[in-house]
Amino acid sequence: MVKLLLAQDHQKMEKMARVTTALGSNTISGCTMFCHLDAPANAISVCRDAAQVVVAGRNIFKIYALEEEQFVEKLNLRVGRKPSLNFSCADVMWHQMDENLLATAATNGAVVTWNLGKPSRNKQDQLFTEHKRTVNKVCFHPTEVHMLLSGSQDGYMKCFDLRRKESVSTFSGQSESVRDVQFSIRDYFTFAASFENGNVQLWDIRRPDRYERMFTAHNGPVFCCDWHPEDRGWLATGGRDKMVKVWDITTNRAKEIHCVQTIASVARVKWRPERKYHLATCSMMVDHNIYVWDMRRPFIPFATFEEHKDVTTGIVWRHLHDPGFLLSGSKDSTLYQHKFKDASRPVDKANPEGLCFGLFGDLAFAAKESLISGGGDSNRKPYGSGGDRRYPIFFFKKPDLTEQFAHESSALSVFETDLESSRMDWFVKTARRYLLSGKPFGELCDHNAKVAKELNRPQVSTTWTMLRIMYSDPGNLATATSISKGGSVPLMNSFNMKEIAAGGLGSESRLDRGKGEIRQDTIHLDPGNSLINNNDENEETEGSEGPADYLFGDVELEDDDLYPMEHENPTAEEAEYSLPQEAFPLRHEIVDNPSVPEHLQDKVDSPHVSGNEAEAVCLTPIKSFSLISISQPLYESHLPASFFSPVVREMLQHYAEAGDVQMAVSVLIVLGDRIRKEVDELTQEHWYTSYIDLLQRFELWNVSNEVIKLSTSSAINCLNQTSTTLHINCSNCKRPMSNKGWICDRCHQCASICAVCHHVVKGLFVWCQGCSHGGHLEHIMNWLKSSSHCPAGCGHLCEYT
Amino acid sequence: MNVNPESIGSSNSYQICNNCQKVLRKKEKGMRIPRPLTSGPSAFIPEKEILEATPVDMHTNLLLLVGDYSSSGQLNHLTQVMGLHPQYLESFLRCQFYLLRIDGPLPQHYRHYIAIMAAARHQCSFLVNMHVHEFLQIGMCLEWLNGLDFAPQRLRNLNEINKILAHRPWLITKEHIQKLVKTGENSWSLAELVHAVVLLAHFHALASFVFGSGINPEVDADASNRFQDVAVNNFCVCDLANDNNLEDFLLPGMVDSVSELEALMERMKRLQEEEEEASQEEMATRFEKEKEESLLVTSGAFEDEIVPVSNVSRFVSDPTFGYQDFARREDNLPTFRAQDFSWDDHGFSLVNRLYSDIGHMLDEKFRTVSNLTYYNMATHEDIDTTMLRRALFNYVHCMFGIKYDDYDYGEVNQLLERSLKVYIKTVTCYPERTTRRMYDSYWRQFRHSEKVHVNLLLMEARMQAELLYALRAITHYMT
């Protein structure tokens, strides 16, 4: 049936065109080939018998013959000593009825026709200079020999009868520039015009006063349009918005039936002959390839031609009834003939696999059926897909493999996650309960350790405890332990178990990772460890770590120098932090790191107490041990904090890489300057941003703001200084308030008055969204406890939630 | 590091710019000096006129608009003057807001610093102050404000294209782009570069507007910021109001201004009706003629090469690099064909690809300015000014060497009188030399708002020209 219709149509076409070429008798043959032009091409057009092609551009206007294996230059139409701007072509078209007739559109607004049958060298026939601006497009009527249409930047389309000296009719596009005009192939009187403002208009050639229909096709200019060669209702348009759309205009309202999203603005679009759903596109900028799309598979091009080195400016199918050859001209000054069989097929290189997370942590994965063999897992549910497009486009031809889109059938698996296991409760709770500042270092650590322990995260808890021990001054350590003795004992137990487990496994990597913990152990003189074991561990670490040895020596000698050195740091910091306060308007504390003053305080009282108390600490657990073991721990408890830095740094990195950036950042903040310089700025920034991002996803705004405030990196710190402006309107006159004071400039009244106490609110202002009255938070709360009406007496029933 | 305010206001001596020194010298010689109008937003336009042009309800609309798009929520002088054309102001502010505040390839402080660099090329202290202030509010890397030498290498690399774009955009090539994009650690990504280029072009053009409309510096009485106070006071406030070209400026013919207007309208009418066809060669030569004539159109005597002494100069390196006529015959530069690289077809696609959505903003701005009309000229109403607007726009592009095949450059000659050409050339090519006299000397019958309209056209034409050259270079680099 379809075949029959097509054949009829075909016949009609042939008859109307009075063309003798029938594809059946002499098939077009050739190969992919190219030739160099002297200048960039703007447009190309092909002769009706597909044997010659004309190339036009600013500095070129030539005819080439298409031979079996090469292009042969036939004729140069740019003649004369001083070529005028009439030769500077924006577009060219070869008449499909008369092989001697050509028309060009010049950038200066001229429309020129050329008669190749002229005996003289100059083939110029007629010159129309009616357009005021550049002519973007010329188009011959498909069946009428003398009718030519032009569309120009000046917003007019003109129809010329080549037997006359001037245009027969002018069509106005209402001052919008015309980008393309195309006669309908099937409807004798209809033509389509596309415009710079995104509209497409359909005109009847007999009615120049008004367009028949208009619809908005694209956002931004519509650069091109093309009628479907077989289906009279289909019009393809391409625009700057990177879309190719196919419209069905047989219905009342033009209906978009297909849409292809390309990667660059679409400069030309041409339906592929004999293939109902195929069309070729090229782009205006950036992308140099030519794509052939199957409308029904809009996400991947059916075929690509990648030969050009600069943007393709003109494409044309070589013959009206042959889908096998495409000609193209480009800014790179080449003319190509592409053989369809040589096109590259992007689908071959594509990975038809998809992966996606669901809202509740489910994971869906689709892959080629062949890849997923029937595994038979209980939680895998395969879905079939892509079955509906299995059939070739045409019935009358034997399906050719190169003409078919590769078919993929995929298997889709959905992996459901156990909701409990992936819960992030611990994250939220930890974030809420951790203390990052406001208390002495030791207490912070203890608190956080306790929080972690309660949330069943023993490793994290232990880490906090160890940090406290590593970085506390001996003096503080004593106070800390004495205060929270009860808490620390069970902690030590859990730690022990871990340590033993690590020893049991005995693998190198495990030991390495546990280094910090082990080191910690020896310091603390844990009763659960045998002495020999301790020494073994020590030897191992000392052997492997060069700096450790060095530091041991250092410490012995400079035990006293240690404190003055540490004193220098806080003062330096103080200077550093006080500066920005001068430079900023002090809207709120901007760089306030509460750990600084505390830190300072600790240090101040530590030196004079430390001597005695340190001994006291070390002595208590020692009692049960031999003297040999005492000496070593004694030194170690005086180790400078910097000794642990590499270990702690590794520990932080370990946490961050394991996905617990919360721990890394919290430790970073609590340790403050003790560790800050050890980790490079960028990494820190990275951690901070990821943690803040996480916090904000969980809507923990307060915590995230605290983290921002406490961070020492300037890039993070400035995060809470952006978009801090709050624009308010005066509550009386509803005009914007200038940022000065509490009195509105215009109505000279106090804005934001508390409805209860009638004083200006300076601070938290709460207001009803219904009646916009409000006042001090406290006052309103109290008021609404006793009354449900608005305190301003407006009668509104306010609600406080 | 923080900026020590003292280092900037190092000397107590109030610096007086070259031009003012000249004025002072003249004063001593007992010459009559026209008093500048210094109060109000513009030195050229009486304050009354601006206030009258914006009735109260429109004023509030403006305020709301500004509130949406600016940080301070206050009307500065620039927006007040631009507010004479509220329709344009909106698209301008939206675009500027997008450039400076909405997420983009460059961090905020970079954007303001680039704005400072761009404005400093034209010694536009108004814009420099504005963005120094913004920069301070961000509060990062304050040491950069000590000058270009304190900024990171990456920004200093940008200086090369900054100066080329500001003064001779036709010289920009893909090598310049390559140098910025492929330099190892200090390289720019293409997206960042496009953002920077748009910023540069925007602020070069805005500097043209500021000088062309004689915008007065902001005097912020209650500025709480010490730095800003110092900065403002240290720049010579007279920059704009002065008349730096004191040589008596003889207007051609000194014709009666009313007849001048009539004549212009007559010419427009004739051009519209006239159907006679100029020959092809004639058309081709007209562009060349106009181009070369622009060489001769200079505003008179400044043989004394002014090297700026103002404090803005710390953001400028190679200050002697200035405007040179495109049409200078010896180096014979190729003409830029607008049809081969146009904003609509090519520029938009490229800029939008690398810095999403800015294309739409710019597109809207260009469209607004080219379609803006009130259908009147001076006292006459119901007039189609398309021709005049196009002549202004294309004349600017002509001076930058951009040619439209489909434009008859004879029209420029017919429509734009010499004093206007002088003004156009000054404002677009070396805006810092604009004087009140130049502003006053053309179109004396026209309203101030119409002259501001001219300035808007000049500004956008200039911006588009710069963008076209820069984007073409980027395209060449990419292919």
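The values are calculated or read from the model by the stated rules, or taken from the named source; none is laboratory data. Source: prediction; values computed, not measured. Reconstructed Cβ throughout: ideal geometry from the backbone, glycine too, with neighbour counts over all protein chains shown.
Using the structure shown, decide if residue A:123 is under 22 Å from residue A:46 (Cβ atoms), without any contact (Cβ under 8 Å) to a residue 24 or more places away in the chain and not small (Gly, Ala, Ser). Can you show your working first?
Working: under 22 Å from residue A:46 (Cβ atoms): yes; without any contact (Cβ under 8 Å) to a residue 24 or more places away in the chain: no; not small (Gly, Ala, Ser): yes.
Criteria not met by residue A:123.
Of the residues making up region A:38-60, not one is at pLDDT below 90 and under 11 Å from residue A:336 (Cβ atoms).
A single entry from A:105, A:110 fulfils the requirement of being within 14 Å of chain B (Cβ to nearest Cβ) and closer than 23 Å to residue A:185 by Cα: A:105. Can you find a residue that is farther than 25 Å from residue A:80 by Cβ, assigned to a loop (DSSP other than H, G, I, E, B) and within 14 Å of chain B (Cβ to nearest Cβ) anywhere in region A:136-153? Yes, region A:136-153 contains at least one residue that is farther than 25 Å from residue A:80 by Cβ, assigned to a loop (DSSP other than H, G, I, E, B) and within 14 Å of chain B (Cβ to nearest Cβ). Residues of region A:91-111 that are closer than 16 Å to residue A:51 by Cβ and either assigned to a loop (DSSP other than H, G, I, E, B) or among the β-branched types (Val, Ile, Thr) (or both): A:95, A:96, A:97, A:98, A:99, A:100. Residues in region A:199-240 that are part of a loop (DSSP other than H, G, I, E, B) and closer than 23 Å to residue A:293 by Cβ: A:217, A:218, A:219, A:220, A:221, A:228, A:229, A:230, A:231, A:232, A:233, A:240.
Residue A:334 meets each of the listed conditions (1) at pLDDT 90 or above; (2) touching a Pro at 6+ places or on another chain (Cβ under 9 Å); (3) surrounded by fewer than 22 Cβ atoms within 10 Å (Cβ to Cβ); (4) not acidic (Asp, Glu) apart from (2).
From the list B:198, B:181, B:194, the lone residue that is at pLDDT below 90 and in contact with a Leu (Cβ under 7 Å, 6 or more places away or on another chain) is B:181.
For residue B:96, indicate whether it is more than 13 Å from chain A (Cβ to nearest Cβ), surrounded by fewer than 21 Cβ atoms within 10 Å (Cβ to Cβ) and either within 20 Å of the chain's Cα centre (by Cα) or in contact (Cβ under 8 Å) with a residue 60 or more places away in the chain (or both). Criteria met by residue B:96.
The rows are residues; the columns are (1) surrounded by fewer than 20 Cβ atoms within 10 Å (Cβ to Cβ); (2) more than 20 Å from residue B:428 (Cα to Cα); (3) touching a Phe, Trp or Tyr at 6+ places or on another chain (Cβ under 9 Å).
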residue: B:346; (1), (2), (3): no, yes, no
residue: B:354; (1), (2), (3): no, yes, no
residue: B:358; (1), (2), (3): no, yes, yes
residue: B:390; (1), (2), (3): yes, no, yes
residue: B:394; (1), (2), (3): no, no, yes
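So that you can scan it fast, the table gives a plain yes or no per residue for (1) touching a Leu at 6+ places or on another chain (Cβ under 8 Å); (2) within 14 Å of chain A (Cβ to nearest Cβ); (3) under 30 Å from residue B:47 (Cβ atoms); (4) modelled with pLDDT under 90:
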position	(1), (2), (3), (4)
B:209	yes, no, yes, no
B:214	yes, no, yes, yes
B:234	no, no, yes, yes
B:246	no, no, yes, yes
B:262	no, no, no, yes
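Does region A:82-90 contain at least one residue that is part of a strand (DSSP E or B) and either at negative phi or within 14 Å of another protein chain (Cβ to nearest Cβ) (or both)? Reasoning before the result, please.
The initial filter retains those residues of region A:82-90 that are part of a strand (DSSP E or B), namely A:89-90.
Of the ones still in play, those that are also either at negative phi or within 14 Å of another protein chain (Cβ to nearest Cβ) (or both) are A:89-90.
There is at least one residue in region A:82-90 that is part of a strand (DSSP E or B) and either at negative phi or within 14 Å of another protein chain (Cβ to nearest Cβ) (or both).
Could you list all residues from region B:88-139 that are out of contact with any Pro (no Cβ under 8 Å at 6 or more places or on another chain) and not in a helix (DSSP H, G or I)? Give the steps one after another, and end with the answer.
We begin by selecting, within region B:88-139, every residue out of contact with any Pro (no Cβ under 8 Å at 6 or more places or on another chain); these are B:88-121, B:127-128, B:130-138.
Within region B:88-139, B:101, B:102, B:103, B:104, B:105, B:106, B:107 qualify.
Just give me the residues in region A:279-316 being outside any loop (DSSP other than H, G, I, E, B), within 26 Å of residue A:352 (Cβ to Cβ) and free of Cβ contacts under 8 Å to residues at least 60 places away in the same chain, in sequence order. Let's see the steps before the verdict.
At the first step, the residues of region A:279-316 found to be outside any loop (DSSP other than H, G, I, E, B) are A:279-283, A:290-294, A:303-305, A:312-316.
Next, from what is left, pick out any that are within 26 Å of residue A:352 (Cβ to Cβ): A:279-281, A:283, A:290-294, A:303-305.
Hits for region A:279-316 are A:279, A:280, A:281, A:283, A:290, A:291, A:292, A:293, A:303, A:304, A:305.
Criterion first (within 11 Å of another protein chain (Cβ to nearest Cβ), over 20 Å from residue A:195 (Cα atoms) and without any contact (Cβ under 8 Å) to a residue 40 or more places away in the chain) does residue A:128 satisfy it? No; evaluated as a whole, the condition is false for this residue. Does region B:334-356 hold any residues that are of a type in the set (Ser, Thr, Tyr) and out of contact with any helix residue (DSSP H, G or I) (no Cβ under 7 Å at 6 or more places or on another chain), and which are they? Of everything in region B:334-356, those that are of a type in the set (Ser, Thr, Tyr) and out of contact with any helix residue (DSSP H, G or I) (no Cβ under 7 Å at 6 or more places or on another chain) turn out to be B:335, B:342, B:349, B:356. Restricting attention to region A:216-268 and to residues that are more than 19 Å from residue A:152 (Cα to Cα) and in contact (Cβ under 8 Å) with a residue 60 or more places away in the chain, the residue that is nearest to the other protein chains (Cβ to nearest Cβ) turns out to be A:229.
For a quick check of your reading of the model, give me the residue pairs whose first member lies in region B:131-144 and is in contact (Cβ under 8 Å) with a residue 40 or more places away in the chain and closer than 14 Å to residue A:717 by Cβ, whose second is of a type in the set (Ser, Thr, Tyr) and assigned to a helix (DSSP H, G or I), with beta-carbon atoms closer than 9 Å and at least 6 apart or on different chains. Within 9 Å, no pair qualifies.
Kindly provide the set of residues from region B:332-342 that are more than 11 Å from chain A (Cβ to nearest Cβ) and either under 13 Å from residue B:471 (Cβ atoms) or over 23 Å from the mean Cα position of the chain (by Cα) (or both), ordered by number. Matches in region B:332-342: B:332, B:333, B:334, B:336.
Reported count of residues in region A:350-373, each being in a loop (DSSP other than H, G, I, E, B), at pLDDT 80 or above and under 24 Å from residue A:405 (Cβ atoms), is 2. In summary, residue A:705 fulfils each of the numbered conditions (1) within 24 Å of residue A:428 (Cβ to Cβ); (2) buried (at least 19 other Cβ atoms within 10 Å of the Cβ); (3) at pLDDT 85 or above with the single exception of condition (2).
Looking only at region B:402-423, which residues are under 22 Å from residue B:434 (Cβ atoms) and within 20 Å of the chain's Cα centre (by Cα)? Walk me through it before giving the result.
Going residue by residue through region B:402-423, those that are under 22 Å from residue B:434 (Cβ atoms) are B:412, B:415-423.
The answer is B:416, B:419, B:420, B:421, B:422, B:423.
Scanning region B:394-410 for residues that are within 13 Å of another protein chain (Cβ to nearest Cβ) and over 16 Å from residue B:459 (Cα atoms) returns B:403, B:404, B:405, B:406, B:407, B:408, B:409. Against the conditions (1) surrounded by fewer than 22 Cβ atoms within 10 Å (Cβ to Cβ); (2) within 14 Å of another protein chain (Cβ to nearest Cβ); (3) under 39 Å from the mean Cα position of the chain (by Cα), residue A:202 satisfies every one except (2). Of everything listed in (1) part of a helix (DSSP H, G or I); (2) closer than 22 Å to residue B:211 by Cα; (3) in contact with a helix residue (DSSP H, G or I) (Cβ under 8 Å, 6 or more places away or on another chain); (4) not aliphatic (A, V, I, L, M), the single unmet condition for residue B:450 is (3).
So, in region B:44-75, of the ones that are at pLDDT 80 or above and surrounded by 18 or more Cβ atoms within 10 Å (Cβ to Cβ), which residue ends up farthest from the other protein chains (Cβ to nearest Cβ)?
Residues of region B:44-75 at pLDDT 80 or above: B:44-46.
Of the ones still in play, those that are also surrounded by 18 or more Cβ atoms within 10 Å (Cβ to Cβ) are B:44-45.
Details: B:44: 27, B:45: 24 Å.
Applying the filter and picking the extreme gives B:44.
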